[in-house]
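Visitor: Take this structure, written in structure tokens, and hold onto it; I'll ask about it next.
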Amino acid sequence: MLYQDWADVSSRKLKLGILALAFISGLGGCGQKKTVSTGHELAAPDKAVYPASAPSQERKGEKGCSYLHFLLGRHAELAAEYEKALALYEKALQCDPDAEFVLRKVPLLLLRLNRGEEAILHLKQYLDQHLEDTVSRMLLAKIYIRQGEFSKAAAQYRRIHQLDEQDTTSLLLLSELYLAENKYDMAKTALHDVLAVDERSYSAHLLLARLLVVEEDFEAGQQHYEQALDITWSEGLQLELADLLTRQEKYTEAVTLYQEILHHDEENEEALVALIHLYLLQGKEHKAMKKLQYLKKNIKDPTQAELAIIRLHVRWEEYDKAIALLEEFLQKNELSEARYLLAALRFQLEQYEELLLDLQKIDPEAKEYEDSLFLQVRTLKELERYQEAVQVLETVLAQEEGGTPDLYILLAGIYQFIGQEEQCRKTFLRALEVYDKNEQVLYEYGLFLDFIGDQDAALNVMEQVITINAEHAGALNYIGYTWADKKENLSEALRYISRAVKLKPNNGYIRDSLGWVYYQQGKYEKARKALEMAVEMAPDDPAILDHLAETYLALDLPEKARQTWEKFLDMYHKYRKEQKPGGMGREDKESQRIQKKIHRLKNGGNK
């Protein structure tokens, strides 16, 4: 041990006093008399004090002087007088430049004073003379990390391992450094080096497990988790492994681990919640309910457990039971989450008036507030109270903070639905004054412009969307389809639509556009394949059936064409029932067009 911290301040002062008295009375060195004639600091030692025949006595004095200043410096450091402590340590080094216990202390103190560069300088000078001092190299690496010089820190860790190949601490620190820099391969190499020295290194197995999970090498990660648990078992680590097994859909193994944790600690809330989640994933809902009931009774705050129980009743379509439990819950806890869930259930049961009263109790600051506005508007729409829905949204949008883009889009949609197209346009323009670069507002505005027949303006707006986001599948599809429908820019239309398909390969409407551009290019077999796939993806869209029927006709398959158009009409009539009268004239013309085609095919025509 290089030095000793005294047990308490009083004994330290007593011992320092005794030491100081001893030095002054006989040891010399720092205790020499001042030179009266000059008044300078300390005179050079009077050589007569140290007989030439006794150099060991002189060296003894230097060490005593150094140790005295070290003790005084240590006392100042403990009192948080760091500048004073540093000055005393430097005096200790003046007495004995080779005092290792002081040489190691100075860099630490410089770090406390935020003088990192000086600390590095001291350590490098020290290491020039003490190449194999791994403790000082550790400190130097720490300083480099603090300064963000990771490569220099890594070099020190590697040097430490070279000096002592059995040392694993430096390798573990090196791996953590690589992990911080996202150099996963180098981190894995360092950790495997640790395991080559100590195959039962808990830290190495744990770090490797977590790293492999990040890389989604779940099987290898699982193996290292199991080895870490074999070395040191803990609930926390077993929870990590159980979560990994869940991610791999190894539900039975994960359940076993959670049950083992609960065997050790039956009130482990994290394990209980995870086990409930697993039961739900497995469809074992009644087991989940049993655990939820236990959780509700045995935790301080049963709020989330109660809500989970209610959601299970919703999942089982026991709506009346869920509503009764929610009403009881809300008498004790007025939570917006629960209030919104109650309103959503009332919508399911068409309890619209009660629903509207519930939604009024949701605070505007609650995270469910915007969703509650959407539900309120949807409910008013069901009740055909359109002006009231408009007023709700206009009131929110008139507030100082304004509203979100979605609220503007919702209001514009209501105006469009009730045939107030000019108000719809104005709403979009208001939104664009606030959110001029919002791609969703622009996209919806473009669709509205198309709805009112202003395709040139719609195309211009959609081009703006693509300028903001070149990967906006909807805008790419709109432009490509519009060109295809006009038989313009067909090669470019195909390029746009193909990009949209890559972005959303399972979107039936985009597949329909792809089929239509092939049709316009005369590539009827490609069109057929794309359109049949589109019908599978979006079976409720009559427009796709129209395109497919035209393609069948082009392929000289009149019977298939007729059957497909008949399906179109059935679907169209259902669609009409859900619409308001505004804007239906164009759709009636479409119906007449299809009926004429069917009539012609029934009478032997094929065009």
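Every number here is computed from the coordinates shown, using simple stated rules; none is lab data. Everything quoted here is computed from the prediction, not taken from an experiment. Here Cβ is always computed from backbone atoms with ideal geometry, including for glycine, and neighbour counts include all displayed protein chains.
Visitor: Enumerate by residue number the trypsin sites (Lys or Arg not before Pro) in the range 410-508 meeting two conditions: DSSP loop (anything except H, G, I, E, B), and at most 12 other Cβ atoms within 10 Å of the site's Cβ.
Guide: Here the trypsin sites (Lys or Arg not before Pro) that fit, given the DSSP loop and packing criteria, are LYS437, LYS487.
Visitor: Taking the Cα centroid of the range 370-426 and of the range 313-338, what is the distance between the two, rounded to the nearest whole Å?
Guide: 28 Å
Visitor: Restricting attention to the alpha-carbon atoms of the range 172-327, what are Rg (one decimal) and Dmax (integer), both in Å?
Guide: 19.5, 64
Visitor: Expressed as an acute angle from 0 to 90° and rounded to the nearest 10, what is the orientation of the C-alpha long axis of helix 585-602 relative to the principal long axis of the chain?
Guide: Once rounded, one gets 60 degrees.
Visitor: Also, I was wondering about something else. May I ask you to give the average projected area over all directions of the convex hull of the Cα atoms of the range 251-317, in nm² rounded to one decimal?
Guide: That works out to 4.1 nm², a quarter of the Cα hull's surface.
Visitor: Kindly rank 139-150, 209-220 from highest to lowest mean number of other beta carbons found within 10 Å of each residue.
Guide: On the way: 139-150: 17.7, 209-220: 15.8.
Top to bottom by mean Cβ count within 10 Å: 139-150, 209-220.
Visitor: Quick one: putting +1 on the C-beta of Lys and Arg, -1 on the C-beta of Asp and Glu, what dipole do you get for the chain around its Cα centre, in Debye to the nearest 20? Can you show the working numbers first?
Guide: Details: 77 positive and 101 negative charges, 208 e Å.
Here the chain has a charge dipole of around 1000 debye.
Visitor: Now for a different question. With unit charges on the beta carbons (Lys and Arg positive, Asp and Glu negative) and the dipole taken about the Cα centre of the chain, which residue among ALA554, LEU121, ALA196 sits farthest to the positive side?
Guide: LEU121
Visitor: Taking the mean number of other Cβ atoms within 10 Å as a proxy for protection, how do you rank 79-92, 353-366 from highest to lowest? It would help to have the intermediate numbers written out before the result.
Guide: Values: 79-92: 17.4, 353-366: 15.6.
By packing density, highest mean first, the sequence is 79-92, 353-366.
Visitor: Okay, moving on. Expressed as an acute angle from 0 to 90° and rounded to the nearest 10, what is the orientation of the C-alpha long axis of helix 508-520 relative to the principal long axis of the chain?
Guide: Once rounded, the angle reads 60 degrees.
Visitor: Pop out the ³J(HN,Hα) list for the range 245-259 in order, Karplus 6.51 cos²θ - 1.76 cosθ + 1.60 with θ = phi - 60°, rounded to Hz; leave Gly and Pro as x.
Guide: Using θ = phi - 60°, the values come out as 5, 4, 5, 8, 6, 8, 5, 4, 5, 5, 4, 4, 5, 5, 5 Hz.
Visitor: Tilt of helix 369-382 relative to the longest C-alpha principal axis of the chain, in degrees (0 to 90, nearest 10)?
Guide: 10 degrees
Visitor: With each run of n ≥ 4 DSSP H residues scored as -39500 (n - 2.57), what mean residue ellipticity at 222 nm is computed for the chain after dividing by its residue count and rounding to the nearest 500 deg cm²/dmol?
Guide: Working: 33 runs with 447 residues, N = 607.
Computed ellipticity for the chain at 222 nm equals -23500 deg cm²/dmol.
Visitor: Output ³J(HN,Hα) for the range 284-298: one whole-Hz value per residue in order, computed from phi by the Karplus curve 6.51 cos²θ - 1.76 cosθ + 1.60 with θ = phi - 60°, and x for Gly and Pro.
Guide: Couplings: 8, 5, 6, 5, 4, 4, 4, 5, 5, 4, 5, 4, 4, 7, 10 Hz.
Visitor: With the alpha-carbon atoms as the only input, what is the per residue convex hull volume for the chain in Å³?
Guide: On the way: hull volume 181.1 nm³, N = 607.
Roughly 298 Å³ of hull volume per residue.
Visitor: Now for a separate question. If packing is taken as the mean number of other Cβ atoms within 10 Å per residue, what is the order of 441-450, 468-477, 594-603, 415-424, highest first?
Guide: Numbers: 441-450: 22.4, 468-477: 19.2, 594-603: 14.3, 415-424: 17.2.
In decreasing order of mean packing, 441-450, 468-477, 594-603, 415-424 become 441-450, 468-477, 415-424, 594-603.
Visitor: Additional query: Explain nothing, just the number: relative contact order of the chain, from Cα pairs under 8 Å at least 6 residues apart, as a whole percent. Please report the intermediate quantities before stating the final value.
Guide: Working: 641 pairs, mean separation 20.5, N = 607.
Across the chain, relative contact order equals 3 percent.
Visitor: Through the Karplus equation 6.51 cos²θ - 1.76 cosθ + 1.60, θ set to phi - 60°, convert the phi angles of the range 104-115 into ³J(HN,Hα) values in whole Hz; use x for Gly and Pro.
Guide: 6, 7, 4, x, 4, 5, 4, 5, 4, 8, 6, 10
Visitor: Still on this structure, I have one more. Tell me which of ALA271, SER591, ALA338 sits at the most positive position along the dipole axis of the chain, charges placed on C-beta atoms (Lys, Arg +1; Asp, Glu -1).
Guide: After comparing all options, I get SER591.
Visitor: Would you tally the net charge around ARG499, using a Cβ to Cβ cut-off of less than 12 Å, leaving ARG499 out, and scoring K and R as +1, D and E as -1? List each step's numbers first, then the result.
Guide: Working: positive: ARG495, LYS502, LYS504; negative: GLU471, GLU492.
For residues surrounding ARG499, the net value is +1.
Visitor: Pairs LYS332/LYS361; LYS502/LYS523; LYS63/LYS105; LYS105/LYS142; LYS284/LYS321; LYS124/LYS152: which exceed 18 Å Cα-Cα? Provide the component values of the computation, followed by the final result.
Guide: Working: LYS332/LYS361 15 Å; LYS502/LYS523 20 Å; LYS63/LYS105 16 Å; LYS105/LYS142 15 Å; LYS284/LYS321 20 Å; LYS124/LYS152 12 Å.
Long pairs (Cα-Cα over 18 Å): LYS502/LYS523; LYS284/LYS321.
Visitor: For the range 281-310 and the range 434-455, what is the separation of their C-alpha centers, rounded to whole Å?
Guide: First find each Cα centre; the distance between them is then 46 Å.
Visitor: Once amide H atoms are built 1.01 Å from N in the peptide plane, which residues 5 or more positions from ASN489, or in another chain, come under 5 Å H to H?
Guide: none
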